[in-house]
Amino acid sequence: MPVVVVVGAQWGDEGKGAMVDTLAKEADIVVRFQGGANAGHTVIYKGKPVALHLIPSGITHEHTVCVIGNGVVVDPKALLDEIEALSSLGISITPERLKISDRAHLTLPYHRMLDAAREMAGSRLRLGTTRRGVGPTYVDKVDRVGIRVGDLKFPERLETKLRINWEHKQAFFNALPPDERPDFNAVLDELLKYAELIQPYITDTVTWLNEQADAGKRILLEGAQGTGLDVDFGTYPFVTSSNTTAGGACTGSGLPPTKINFVLGIAKAYTTRVGEGPFPTELQGEEQVKLREKGREYGATTGRPRRCGWFDAVLVRYAATVNGCTALALTKLDVLSGYPEVKICVAYRWRGEMLTTFPAESFILEEVEPVYETLPGWDEPLSECRSWEKLPANAQRFVMRLQELVGVPIATVSVGPERSCVLTKPDAPSIW
Ligand code: IMP
């Protein structure tokens with residue numbers, strides 16, 4: 001009964017997509033369990049990059065069934081655009097290959113407007129969101145006025161459902177200039193059109209996934225974003241609106257904790273973050289630009305430059321605890337080649353105190369000073385290394401020190417974007 005969860009151990013963009021893509025080769029089913037079109041993974045298919053926002057990265061493997069779980073919020077337009085883009089590349093999307101939970105919530109066109117409104121220049125609520133309407137969709141879910149994918153199966157009930165949601169938004173609509181207010185009938189017509197197109201994929205994925213797990217199928221649960229962005233465990237309020245951690249894999253798929261066998265945390269050999277919020281190891285000025293350019297750190301969804309800094313072992317140790325990581329996959333080690341010295345943040349200094357655990361308060365994280373351990377770097381480019389043994393001694397030493405600080409075995413180290421660049425450590429626990 002091999003069920004594996006893959007989660008981000010930092011603030012997202014750790015390289016989960018590429019890792020899932022590699023693991024998906026051996027999986028029967030790949031499941032997204034939270035988030036929405038805010039996520040962005042680029043996978044390479046027949047030499048061409050494919051940007052995925054909602055559909056799990058496993059879609060490029062013909063034998064893999066992809067599931068959009070109940071914990072995901074689905075923007076139907078983004079989904080249909082993605083299906084079209086994949087089909088045009090020759091990737092067949094059929095109801096046998098793509099299943100969408102009837103319990104997942106729908107992002108409506110005005111959820112994006114609500115998201116953009118709180119992000120307006122000068123807004124005190126500004127978080128630097130992706131403006132994909134994800135937060136407002138989850139608000140409706142928790143407020144119990146949301147429209148779910150399963151509602152699309154009953155078009156005759158959609159008008160009433162939409163009316164309830166619409167009335168809930170009156171204050172917002174009234175504050176808009178009249179020519180910017182959405183039109184009820186236009187939104188309803190759009191929903192009815194989506195209902196027809198999405199209908200074939202709608203599935204009771206909770207029952208289906210549990211049956212597949214009981215039948216011994218290999219299931220990969222693919223997290224989006226990262227632990228630092230989890231609505232409970234992240235740097236609140238500078239977080240996304242879902243549980244990005246391993247517990248969210250259960251609530252977002254319907255697979256219970258007793259069926260999870262392995263939790264793989266993904267961490268980059270340094271740290272990045274997009275959007276607002278505290279980032280203790282963030283580099284400044286030219287140092288930050290240098291790391292960003294070396295790592296090509298620009299957002300897959302929004303193209304925004306990512307903030308960059310050294311590896312934060314306090315954050316990743318916390319992530320390993322919260323997720324119960326069985327092992328870690330370390331990505332982008334090659335980016336650190338050429339630094340005479342590499343740094344690891346081992347603790348935070350705050351108002352004369354030494355903090356070794358990740359504080360709940362964002363203002364504390366804004367104020368802390370990172371305490372660094374400095375290790376000798378390595379000059380050799382790593383992208384040609386094809387085994388752990390071939391890595392320069394200082395690169396191995398860096399990885400071993402991270403492992404010691406985080407307290408979880410590092411199973412693999414990536415030295416480039418291709419599948420062959422994932423090097424397995426000799427003592428790595430086996431995933432499947
Ligand atoms: P939202 O998820 O669009 O509401 O954005 C909330 C926060 O999460 C912002 O700081 C975003 O930059 C961040 N975020 C959302 N999705 C991703 C992602 O896929 N990678 C990295 N950061 C993300």
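The values are calculated or read from the model by the stated rules, or taken from the named source; none is laboratory data. This is a predicted model, so every value here is computed, not measured. Cβ: placed from backbone, ideal geometry, glycine included. Neighbour counts: every protein chain shown. In case anyone asks, the SASA skips ligands and DNA or RNA and just uses the protein heavy atoms, side chains included. Shrake-Rupley method; radii C 1.70, N 1.55, O 1.52, S 1.80 Å.
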For region 351-432, which strands (runs of 3 or more DSSP E) that fit wholly inside it have 3 or more residues that are closer than 21 Å to Pro340 by Cα?
369-376
All positions within region 116-153 that are within 11 Å of the ligand (Cβ to nearest atom), in a loop (DSSP other than H, G, I, E, B) and not hydrophobic (A, V, I, L, M, F, W, C):
Glu119, Arg126, Gly128, Thr129, Thr130, Arg131, Arg132, Gly133
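Every residue, every condition in (1) open to solvent by 10 Å² or more (accessible area, probe 1.4 Å); (2) in contact (Cβ under 8 Å) with a residue 12 or more places away in the chain; (3) not in a loop (DSSP other than H, G, I, E, B), yes or no:
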{"site": "Ile44", "(1), (2), (3)": "yes, yes, yes"}
{"site": "Pro49", "(1), (2), (3)": "yes, no, yes"}
{"site": "Ile59", "(1), (2), (3)": "no, yes, yes"}
{"site": "His63", "(1), (2), (3)": "yes, yes, no"}
{"site": "Asp81", "(1), (2), (3)": "yes, no, yes"}
{"site": "Arg103", "(1), (2), (3)": "yes, yes, no"}
{"site": "Tyr110", "(1), (2), (3)": "no, yes, yes"}
In region 191-236, anything among the charged types (D, E, K, R) and either within 25 Å of Thr129 (Cα to Cα) or not in a helix (DSSP H, G or I) (or both) is listed as Asp204, Lys217, Arg218, Glu222, Asp230, Asp232
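Is it the case that Glu361 is open to solvent by 80 Å² or more (accessible area, probe 1.4 Å) and in contact with a strand residue (DSSP E or B) (Cβ under 8 Å, 6 or more places away or on another chain)?
On the way: open to solvent by 80 Å² or more (accessible area, probe 1.4 Å): yes; in contact with a strand residue (DSSP E or B) (Cβ under 8 Å, 6 or more places away or on another chain): no.
The answer is no for Glu361.
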Of all residues in region 1-19, which are touching a Pro at 6+ places or on another chain (Cβ under 9 Å) and within 13 Å of the ligand (Cβ to nearest atom)?
Gly15
Residue within region 258-274 that is in contact with a helix residue (DSSP H, G or I) (Cβ under 9 Å, 6 or more places away or on another chain), assigned to a loop (DSSP other than H, G, I, E, B) and within 16 Å of the ligand (Cβ to nearest atom) present
yes
Any chance Thr356 is surrounded by fewer than 20 Cβ atoms within 10 Å (Cβ to Cβ), in contact with a helix residue (DSSP H, G or I) (Cβ under 8 Å, 6 or more places away or on another chain) and either among the hydroxyl-bearing types (Ser, Thr, Tyr) or modelled with pLDDT of 95 or more (or both)
yes
Subset of region 216-255 that is more than 11 Å from the ligand (Cβ to nearest atom) and of a type in the set (S, T, N, Q) - its residue that is surrounded by the fewest Cβ atoms within 10 Å (Cβ to Cβ)
Thr251
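How many of the residues in region 135-193 are of a type outside the set (Gly, Ala, Ser) and in contact with a His (Cβ under 8 Å, 6 or more places away or on another chain)?
If we filter region 135-193 for residues that are of a type outside the set (Gly, Ala, Ser), which is where we start, we get 136-145, 147-149, 151-170, 172-174, 176-185, 187-193.
Checking which are in contact with a His (Cβ under 8 Å, 6 or more places away or on another chain) leaves us with 136-138, 140-141, 143, 145, 147-149.
Matching residues across region 135-193 total 10.
Taking region 311-341 on its own, how many of its residues are assigned to a loop (DSSP other than H, G, I, E, B) and either surrounded by fewer than 24 Cβ atoms within 10 Å (Cβ to Cβ) or in contact with a His (Cβ under 9 Å, 6 or more places away or on another chain) (or both)?
Start the filter on region 311-341 by keeping residues that are assigned to a loop (DSSP other than H, G, I, E, B), which leaves 324-326, 332, 337-340.
When the remaining residues are screened for being either surrounded by fewer than 24 Cβ atoms within 10 Å (Cβ to Cβ) or in contact with a His (Cβ under 9 Å, 6 or more places away or on another chain) (or both), the result is 324, 326, 337-340.
Residues meeting the conditions: 6.
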Checked pairs for region 397-411, first in contact (Cβ under 8 Å) with a residue 24 or more places away in the chain and more than 14 Å from Leu264 (Cα to Cα), second surrounded by 21 or more Cβ atoms within 10 Å (Cβ to Cβ) and small (Gly, Ala, Ser), C-beta under 6 Å and 6 or more apart or across chains, list as Leu405/Ala313
When residues of region 275-304 are filtered for being assigned to a loop (DSSP other than H, G, I, E, B) and open to solvent by 40 Å² or more (accessible area, probe 1.4 Å), how many remain?
7
Taking the condition open to solvent by 30 Å² or more (accessible area, probe 1.4 Å), modelled with pLDDT under 95 and in contact with a Lys or Arg (Cβ under 8 Å, 6 or more places away or on another chain), does Ser430 pass?
no
